[in-house]
Structure formats: C-alpha cells, structure tokens
Amino acid sequence: MILSDKRILESIESGQIVIEPFDPSCLGTNSYDVHLSKNLAVYESEELDAKKHNTVRHFEIPEEGYVIKPGTLYLGVTEEYTETHNSVPFLEGKSSVGRLGIDIHATAGKGDVGFCNTWTLEISCVHPVRVYAGMPIGQLIYFMVDGEIINYYNKKKNAKYTERTTHPVESMMWKNKF
C-alpha cells in the first residue's frame with residue numbers, strides 16, 4: 001500500500017517520516033518531490049574494481065548549471081535529509097527529468113526502513129543535459145510494511161551508508177565479504 005499525501009503528513013507529524021527541509025508545496029498526491037543538491041562527484045578512475053575502494057572527485061554545480069554527458073556516471077545527492085521508521089521509501093525520477101533523458105538511479109531506488117540520510121543519486125543521461133542545483137530531481141514514494149521489523153537499517157552493524165552527509169557517497173561494495 002502506497003501512502004497518500006495525508007498519510008505522509010501524519011507520518012511526519014508522528015516522527016515516523018522525517019524530511020528536512022520540508023516544503024508542503026513539494027507534497028504530491030502520493031509522493032514527495034526531492035531536489036538535486038549542488039554537490040556532484042565522479043569516479044577518478046575509468047575502470048572500477050568491486051573489491052577496492054574507488055575514489056571520487058567532488059565538485060559543485062555552478063549557478064549557470066552543469067552539463068552532464070553520456071558515458072559518465074555522476075553521483076549526485078538530494079538536498080533533503082530523510083528518515084523512515086515505519087515504511088519503505090522508494091526514490092523514483094520525475095517524469096520531467098526522464099523526458100530530458102536523465103536517469104537518477106541505476107539500481108538503488110529502494111530504501112530500507114531505518115534509512116536516515118540524504119539520497120545518493122546514480123545519474124546518467126542519453127545526451128548532454130544542463131542540470132541545476134535545486135532542480136526537482138525525483139520523488140519519494142512510501143510503502144507500508146506488513147509485520148514487525150527486526151532489522152532496522154540504521155541499527156545494522158554492517159550498514160555501510162549511515163554517516164550523515166551532504167555529499168554523494170561512492171560505492172562501498174568493497175566492504176562486503178566475497
């Protein structure tokens with residue numbers, strides 16, 4: 001079951017969902033719009049290794065925008081910090097963003113109950129597109145959980161993305177045992 005705007009507001013009032021900053025005008029019928037931060041990153045190496053820490057170069061989107069190009073994975077981050085304690089958040093791109101040929105995530109659209117952070121975006125595009133800090137980039141949709149939760153993300157010992165940040169976070173796959 002997807003939460004309606006009224007249920008999202010009730011969950012915010014009860015502290016089960018946190019959105020900072022919260023702007024009521026960003027609340028849709030059954031979603032909440034999130035915005036692209038000024039902070040982007042790209043991997044420093046052209047070849048990535050899943051067993052190694054692949055470093056990134058951080059930079060800011062200037063006021064006149066920044067042109068993202070095909071063939072490069074850009075890591076972005078939402079302006080909004082969120083917490084979800086009783087529902088599963090899904091981040092989807094806005095249709096207006098998709099119609100510009102921009103994808104905001106490769107595979108990581110689902111959050112976990114207990115996720116407390118900004119959202120790192122895995123941005124790619126099919127042709128060059130100028131993007132701007134503060135532009136609407138995606139929407140959060142919340143699904144109710146059926147049953148008791150035992151393993152909240154923010155309480156897992158092996159959770160890799162728990163440090164609060166305002167910058168995109170590179171892959172931590174290298175911390176897994178394989």
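Below, the figures for the structure above:
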read-out: Selection count where residues are surrounded by 16 or more Cβ atoms within 10 Å (Cβ to Cβ), more than 22 Å from ILE149 (Cβ to Cβ) and more than 11 Å from the chain's Cα centre (by Cα), scope the range 101-122; value: 1
read-out: Selected residue [of a type in the set (D, E, K, R) and modelled with pLDDT under 95] from GLU163, GLU64; value: GLU163
read-out: PHE90 surrounded by 12 or more Cβ atoms within 10 Å (Cβ to Cβ), closer than 14 Å to VAL34 by Cβ, modelled with pLDDT under 95 and within 12 Å of the chain's Cα centre (by Cα); value: no
read-out: Residues of the range 92-114 that turn out to be touching a Phe, Trp or Tyr at 6+ places or on another chain (Cβ under 7 Å) and more than 17 Å from ASN154 (Cβ to Cβ), as a count; value: 1
read-out: Residue count for the range 23-44, restricted to those that are free of Cβ contacts under 8 Å to residues at least 24 places away in the same chain and part of a strand (DSSP E or B); value: 1
read-out: ILE137 being in contact (Cβ under 8 Å) with a residue 40 or more places away in the chain, surrounded by 14 or more Cβ atoms within 10 Å (Cβ to Cβ) and in contact with a helix residue (DSSP H, G or I) (Cβ under 8 Å, 6 or more places away or on another chain); value: yes
read-out: Strands (runs of 3 or more DSSP E) within the range 76-178 that include 3 or more residues of a type outside the set (S, T, N, Q); value: 87-93, 120-125, 129-131, 136-144
read-out: Subset of the range 1-22 [assigned to a strand (DSSP E or B) and exposed (fewer than 11 other Cβ atoms within 10 Å of the Cβ)]; value: GLU20
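The values are calculated or read from the model by the stated rules, or taken from the named source; none is laboratory data. For clarity, every value in this text was computed on a predicted model and none was experimentally measured. Don't worry about glycine lacking a Cβ; one is built from the backbone with ideal geometry, like all the others, and counts go over all protein chains shown.
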